[in-house]
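Everything on this sheet refers to the single structure shown next.
What follows is calculated from the coordinates using simple rules that are stated; it is not laboratory data. Being a predicted model, the structure only gives us computed values, none of them experimental. Here the Cβ positions follow ideal geometry from the backbone for every residue, glycine too, while neighbour counts run over all protein chains shown.
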Amino acid sequence: MEQVPLSHILILSSALFFLGIYGFFSRRNMITMLMSIELILNSANINFIAFNKYLFPHQLEGVFFTMFIIVVAAAEVSLSIAIIINLYRRFNTIDIEDTTTMKY
Amino acid sequence: MNSYELSSLLIVALPLMSFAFLVLLSKQLKPRVAGIIGTLTLATTAILTFYVAAGYFFGFGMENGAYVHHIALQFQWLKFSDNLSIDLGIVLDPISVALLIVITVVSTMVHLYSLNYMHGEEYFARYYAYLSLFTFSMLGLVMAVNIFQMYIFWELVGVSSFLLIGFYFTKPSAIAAAKKAFIVTRFADLGFLIGILILSHGAKTLDFFVMIQRLTQAGSPYLAHFTATSFLGLSTLSWALLLVFAGGAGKSAMFPLHIWLPDAMEGPTPVSALIHAATMVVAGVYLVARLFPIFAISAPDALLIIAYIGAFTALFAAVIACTQTDIKRVLAYSTISQIAYMMFALGVSGWGEGQTEGFTASIFHLFTHAFFKALLFLGAGAIIHAINSNEMKDMGGLRKALPITHITFLVACLSISGIPPFSGFFSKEAILSAASHSNMLVYYVGLFTSGLTAFYMFRLYFRIFWYKPVQDHHNHEKHTWAMNSALLVLVLGAAFAGLIPFGSFVSATGSPIILPFNPSFSVVPVSFGLIGIFLAYFFFSKESDRADKTVAYFGGFYRAAYHKFYIDEIYLFITKKVIFNLIGRPAAWFDRTVVNGILINGTAVVTEAGSEAIKPMQSGKVQSYAMFFLGGVLLLVALLFIQFM
Amino acid sequence: MNASTVIFYVLGSLVLIFGAMTVFSQKIFRAAVYLLFSLISVAGLYLLWDMDFIAALQIIIYVGGIVVLIIFSIFLTQRSGEKLPPPIKKRLVWSGILTISGLGLTSWIVYNYLFSASTLPGVEPTVHNIGEQMLSYSKYGYVFPFEVINILLLAALVGSIVIAMKKKEIKPTDETTHITK
């Protein structure tokens, strides 16, 4: 069966990664920054799965790591949202440009 | 460690402990208690010194008919490398023991005297602490086993002298005098330090006795190497010794480094008696005496220079002393003159058979001079205490008001003028006799100076105790038991110390010699002394205009001498005008514009601009941090990839 | 070019398009929905590669959990439907330069790197196999990381409760900030 070349998948994942990076850099709202981080994590997941499938089919390591990343992402999101809510309660905004108490 | 060694350790340690105790508790102790503690400590030290001296001279010091040095204590103090280490220790030999006696006795008397003299001073306990510090340093200097230890204590002596000259630190002139003394002697000590470095480099040791052995033995490789090179006609060894002598000249106030000593009289009078008359100023003589074998055997040319410097200083200071009106200054110039006597006595001495009497005479004169000069200063202190003035014009006819001071002062004056049978006669005869055997020029200078000495001392005596009586002296010899007893103890030394057969104890080689005593030789110096006394009597016994007329006759010379031959002005010209303008100003300009302007301010400006430029990077914005991070990572990845593909 | 290749390219472009819309959208709620689609497309990719279990996880946790949580927090903190404040221009420029150059660099590296595949017989990524290895404590067993992840999850649970909990003593500062705002 003719397969998609691995490099195409990797380029897909890196494009997704840099989209996430771009979002992380340019967004001002913390929740949208969080979404960008989700994109970044997903690009890593795609990489793991692709490597597992194309290069090391005799192992399941990529699968495990993907699972762990998903779990870590879930934990990370719950914590981030807790922080965001706390910040919102304190500053009444979640714009990262306005929460400058820790600056300097 | 036998009892003598333990005693000699205690001699150094007790004043140090006394210093530490007094300086730490100077606020808590009652002044009287502090004074008595200091005095008793020094009295104990003096008793221990007599014990050690008796043990040394009549017991363990003699070996095969000659006194040898005895190391009472030695330990390694500072180790730099296998070849270079510095020891501390205690050495007992004839000159150090003789000096120990002088220092402890005079110091004890000064401590005792100060109980009255300094009574009511605000920093009384501190004064005693400084006195103890000085005594400790001086004892350590005298008992040093190596030249570096001597240097350490030499500087400590300088510091304590500085502290004591500036004791009245609210008086600007005292502060200036203290600074002057410190700077001048420090400047001289620079020469000493360089001399130490050259000497120890040549001898490959710091230890006095090893150094002497290596640099005096014929055929010694160290000596051959040292004398092989020469500069301006003198060998390296001579130069090194002359540099060492420069340090001694600074402490002993030899011309042209004498300028600090008259100003040092700003300190309390007992301090002048102890430091600037009897003990510290003879450190230079002691230093030359300590290295005397090297001077005499390997560098007689250096010794000749010392003789000439000494003779010139003796005459020079005596002339100035004749014109001064402040009694302490007269005594200060007299001190310079007398120390110069000791110096040229060393200078005219040699090593061969019968030539070493100058060495003995020098230490002898040091010994007797300490007593009568301390006595003179303490007597002057008693006078100042009584009438609250240093100036001759406020004095006159004091012999009834101050009888004890009068008698003791007279004895001291007779002694310093070399009138038999007082102590100064014997030592001065020995010096002049030694000079007459070796260098007639120095002898004549010494002879003339001895006449001048008698003149200016008796000028002082007649001017204070005779002349026209002043009426308003209020402060008699009441409540001055301690001062009087100190004077009475010292007068014994001033009168009878000359009867000690000094040659059988102290000599250059260690084996006893007999100082020649020849009445026919003595006639000339004694008659010079008597002429001086007579002249002083003629001018100053009653109020008259004889002195003024004579002064008018001498005119310009008198004025020059009165202004100390303008040496201070020359120094000021050199330092303020020449050095200040040629070196100080350009250095200050360099400091302000280059160092401060360009280097310091420039660094500050660049740093400030740089931090202003990079401050926005520390924005506290997590996104920009992440951007810098990503940029860095990308750069690194690109670099690594280029490197390894 | 067979069907699976076509499906890959279609799914890949969906992932990228929805991802881009997530990043560029000016309305936050829409961004969350685009994120949802993007994640679903990723799950589709997993299905395409026979990773059924992972695809299921992706749907359950990401789509069902994380995105829903994000939408909740949007509702808690934001008036939905409003446009977000415009991003800072200077930062846009710099992030554009950085991401494009980064993408170029990685693509170049990926193109120039020779990947060598293993020739050993493959293992089916079935739930059975995954579960066996996950809970095995022999060699290559994953029970220890599994437990660590458990503890991490517990800690995250406790931590998010503690952080998000409303504290009594914060209230006054709350009010003052309200007043000053």
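Which whole DSSP H helices in chain C pass both tests: a Cα extent of 18 Å or more along the axis and a mean Kyte-Doolittle value no lower than 1.6? Long hydrophobic helices here: C:3-24, C:28-48, C:143-164.
What is the helix-to-structure angle for B:94-117, meaning the angle in degrees between its Cα long axis and the longest Cα principal axis of chain B, kept from 0 to 90 and rounded to the nearest 10? Taking Cα atoms only, the helix is inclined about 90 degrees. Taking every pair of alpha-carbon atoms in the stretch B:287-380, what share in percent sits in each 10 Å bin, from 0 to the bin with the longest distance? Values per bin, smallest distances first: 17, 43, 27, 11, 1.
With Cα atoms as the point set, the radius of gyration and Dmax of the stretch A:1-79 evaluate to 14.1, 46 Å. Ranking of A:His58, B:His385, B:His365, B:His69 by neighbouring Cβ atoms within 10 Å, starting from the fewest: A:His58, B:His69, B:His385, B:His365. Taking the alpha carbon gyration tensor of the protein assembly as shown, multiplying each eigenvalue by 5 and rooting it gives semi-axes of 100, 33, 27 Å, largest first. Averaged over the residues of C:128-136, the number of partner chain Cβ atoms lying within 10 Å of the residue Cβ comes to 2.
Relative to the globular-protein estimate of 2.2 N^0.38 Å, the Cα radius of gyration of chain B stands at 1.14. Straight-line reach from B:Lys180: taking Cα to Cα under 18 Å and skipping same-chain neighbours fewer than 8 places apart, the lysines in range are B:Lys171, B:Lys251, B:Lys328, B:Lys564, B:Lys576, B:Lys577. Residues whose amide H lies under 5 Å from that of B:Leu92, counting only those 5 or more places away or on a different chain, are B:His70, B:Ile71, B:Ala72; hydrogens are built 1.01 Å from N in the peptide plane.
Note that the stretch B:332-337 has calculated 3J(HN,Hα) couplings of 5, 5, 4, 4, 4, 5 Hz, one per residue in order, obtained from phi through the Karplus relation 6.51 cos²θ - 1.76 cosθ + 1.60 (θ = phi - 60°); glycine and proline are x. Among residues other than B:Thr550 with Cβ under 14 Å from its Cβ, the summed charge is +2 (Lys and Arg +1, Asp and Glu -1). In sequence order, the stretch B:220-230 has phi-based couplings of 6, x, 4, 5, 4, 5, 6, 8, 5, 9, 9 Hz under the Karplus curve 6.51 cos²θ - 1.76 cosθ + 1.60, θ = phi - 60°, and Gly or Pro positions carry x. Ranking of C:Ser160, B:Ser3 by neighbouring Cβ atoms within 10 Å, starting from the fewest: B:Ser3, C:Ser160. If you take all other residues with their beta carbon under 10 Å from the beta carbon of B:Ala536, and give Lys and Arg +1 and Asp and Glu -1, the sum is +2. With K and R counted +1 and D and E -1, the other residues having a Cβ less than 12 Å from that of C:Ile28 yield a net charge of +4.
The C-alpha atoms of chain B define a longest principal axis, and helix B:172-203 lies at about 80 degrees to it. Rounded to the nearest 20 debye, the dipole magnitude of chain B is 1240 debye, with +1 charges on Lys and Arg beta carbons, -1 on Asp and Glu beta carbons, and the Cα centre as origin. The distance separating the Cα centre of the stretch C:108-128 from that of the stretch B:141-203 comes to 85 Å. Sparse packing (at most 16 other Cβ atoms within 10 Å of the Cβ) combined with a DSSP loop state is found for none of the chymotrypsin sites (Phe, Trp or Tyr not before Pro) in the stretch A:52-84. So which lysines pass the test for B:Lys79, namely a Cα distance under 21 Å, with those fewer than 8 places away in the same chain ruled out? Output for B:Lys79: B:Lys204. How would the stretch C:15-123 be classified by its alpha-carbon gyration tensor: rounded, prolate or oblate, with rounded meaning a/c under 1.5 and the a/b versus b/c comparison settling the rest? Judged from the Cα gyration tensor, the stretch C:15-123 comes out oblate (a/c at least 1.5, b/c at or above a/b).
The shape of the stretch B:1-59 can be summarised by an equivalent ellipsoid whose semi-axes, obtained from the alpha carbon gyration tensor, come to 28, 11, 5 Å from longest to shortest. Within the stretch A:6-104, the trypsin sites (Lys or Arg not before Pro) that combine a DSSP coil assignment with at most 13 other C-beta atoms in a 10 angstrom radius are A:Lys103.
Close amide H contacts of B:Trp77 (hydrogens built in the peptide plane, cut-off under 5 Å, sequence separation of 5 or more or a different chain): B:Ile86, B:Asp87, B:Leu88. Between 0 and 90 degrees, the angle of helix B:423-438 with respect to the longest Cα principal axis of chain B falls at about 80 degrees. Sparsely packed loop sites in chain A (the GluC sites (Glu not before Pro) outside DSSP H, G, I, E and B with at most 11 other Cβ atoms within 10 Å) comprise A:Glu2.
The calculated pair-distance distribution of the stretch B:122-261 uses every alpha carbon pair, bins of 5 angstrom beginning at 0, and gives 2, 10, 16, 19, 16, 13, 9, 6, 4, 3, 1, 0, 0 percent.
Taking a ≥ b ≥ c as the square roots of the eigenvalues of the Cα gyration tensor, the stretch B:512-628 is classed as prolate, since a/c reaches at least 1.5 and a/b is larger than b/c. Normalising the Debye intensity of the stretch B:354-443 to I(0), with uniform scatterers on Cα atoms only, and taking log10 at q = 0.10, 0.11, 0.13 Å⁻¹ returns -0.35, -0.41, -0.53.
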